[in-house]
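Novice: Pasting in a structure now, in structure tokens, and then I'll have a few things to ask.
The values are calculated or read from the model by the stated rules, or taken from the named source; none is laboratory data. If you're wondering where the values come from, they're calculated on a predicted model, not measured in any experiment. We place every Cβ from the backbone using ideal geometry, glycine too, and count neighbours over all the protein chains shown. With ligands, DNA and RNA removed, areas are computed over all heavy atoms of the protein, side chains included. Shrake-Rupley method; radii C 1.70, N 1.55, O 1.52, S 1.80 Å.
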Amino acid sequence: GVGRSLVGTGPATFGYDFSAHRLEEFNRNPFWSLRFTSASSEAASLIAGLGVIGGLFLVGLLVIVFWLFKNVSLKSGQFNQRTDVLLGGTMGIWIAMFAALIFIPFGTVFWVYFFAMLALFVAQVRLSNLESTKEIEVSFEGSSPSSVLISSFSGVVLLAVLLVLSVYLGRFYAGEVYFREGLRAAGRQDIEGATVLVARATTANNEQLRYLLTLTQLQFQQASKESQKDQLDAGRVSRFISGALASAKRATERAPNSAGAWEQ
């Protein structure tokens with residue numbers, strides 16, 4: 001309807017839209033129980049979730065950025081060439097990320113960069129309009145042994161936190177890499193290789209429901225493939241079926257309110 005087209009179905013609801021409007025033919029492929037939570041591009045997901053109004057808001061944001069850049073460029077006498085280059089470079093990076101909305105889905109990290117670059121651009125515009133900027137000098141030289149100890153300890157703690165976060169977030173990245181390679185292997189009909197890769201993805205990040213559901217489907221496919229061989233290895237088929245059931249059970253335990261997990 002018109003109202004739903006204007007406001008969309010809500011932020012981050014593409015998974016609901018996909019389940020509600022997927023084609024009947026989708027139910028006849030081996031991955032029939034898979035539910036996509038994002039479209040092939042972030043722009044498509046945003047239009048589905050935020051509607052026409054949300055799309056116009058993004059376009060308006062782009063227009064404002066161009067207007068700010070043009071407004072500052074007209075005042076060329078107020079800042080030097082280096083400032084102009086920095087402002088144009090920041091704007092160029094942000095415009096490239098804005099264009100990427102049309103081609104790829106965004107994750108949390110990409111959205112953080114998107115708004116961080118936008119904030120940096122606005123800050124540079126603000127600084128370029130000031131007649132003079134204040135210089136702030138920060139010194140890490142302590143006036144006493146106790147202050148030196150506190151600053152050193154704080155630096156070590158901050159470095160440790162950053163390292164822990166890098167390792168923790170690296171697990172998520174590794175899981176996505178393994179999962180992507182597993183889907184590619186499945187596309188080449190290398191079911192055994194795909195199963196190994198998706199199993200590694202679940203080990204790296206066991207919070208992702210789609211990893212477990214995909215692993216379940218791959219293990220059932222392997223069981224079906226083994227059962228069609230002339231020399232039937234019943235033990236091997238049984239192990240694949242047991243693994244699939246275990247993966248499906250883990251999926252329901254991970255997301256007890258997911259209809260897709262219980263359907264699987």
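Novice: Which value, in Å² and to the nearest 10, is the accessible area of Tyr168 when all protein chains are kept and the probe is 1.4 Å?
Specialist: About 120 Å², ignoring ligands and nucleic acids.
Novice: What distance in nm lies between label points placed 7 Å from Cα along the C-beta direction at Thr203 and Leu149?
Specialist: Result: 4.5 nm between the two label points.
Novice: In a GNM of the chain with a 10 Å cut-off on Cα contacts, which of Pro30, Pro105, Pro145 has the highest mean-square fluctuation?
Specialist: Between Pro30, Pro105, Pro145, it is Pro145 that shows the largest mean-square fluctuation.
Novice: Using the heavy atoms of the protein chains and a 1.4 angstrom probe, tell me the accessible area per residue for the chain in square angstrom.
Specialist: 67
Novice: Where Lys and Arg each count +1 and Asp and Glu each count -1, what net charge lies around Phe36 among other residues with Cβ under 14 Å from its Cβ?
Specialist: Once positives and negatives cancel, what remains is +1.
Novice: Roll a 1.4 Å probe over the protein heavy atoms and report the accessible area of Ser227 in Å², nearest 10.
Specialist: 60
Novice: For Phe103, Phe18, give me the order by solvent-accessible area with a 1.4 Å probe, most accessible first, ignoring ligands, DNA and RNA.
Specialist: Phe103, Phe18
Novice: Sorted by accessible area with a 1.4 angstrom probe, largest first, how do Phe179, Phe14 fall?
Specialist: Phe14, Phe179
Novice: So, in nm, how far is label Leu162 from label Asn71 when the simple model puts each one 7 Å beyond its Cα toward the Cβ?
Specialist: 3.5
Novice: At a Förster distance of 41 Å, what's the computed FRET efficiency of Phe115 paired with Leu232, Cβ-Cβ distance as r, to 0.05?
Specialist: About 0.10, to the nearest 0.05.
Novice: Of the heavy-atom accessible surface of region 7-79 (probe 1.4 angstrom), what whole percent is carbon and sulfur?
Specialist: 70
Novice: Continuing with this model, one more query. With a 1.4 Å probe and all protein chains left in place, how much of the accessible area of region 134-241 comes from carbon and sulfur atoms, in whole percent?
Specialist: The value for region 134-241 is 61 percent carbon and sulfur by accessible area.
Novice: Be a star and scan region 177-194 for residues whose amide nitrogen sits under 20 Å from the point 7 Å along the Cα-to-Cβ vector of Trp32.
Specialist: 187
Novice: Within 9 Å, Cβ to Cβ, of Asn205, how many net charges do the neighbouring residues add up to if Lys/Arg are +1 and Asp/Glu are -1?
Specialist: -1
Novice: Under a point spin-label approximation (7 Å from Cα along Cα-to-Cβ), what is the Leu86-Ala100 distance to one decimal in nm?
Specialist: Taking the simple label geometry, Leu86 and Ala100 are separated by 2.3 nm.
Novice: Something else: What is the local net charge at Ser19, summed over the other residues whose Cβ is closer than 11 Å to its Cβ (Lys, Arg +1; Asp, Glu -1)?
Specialist: Here the charged neighbours net out to 0.
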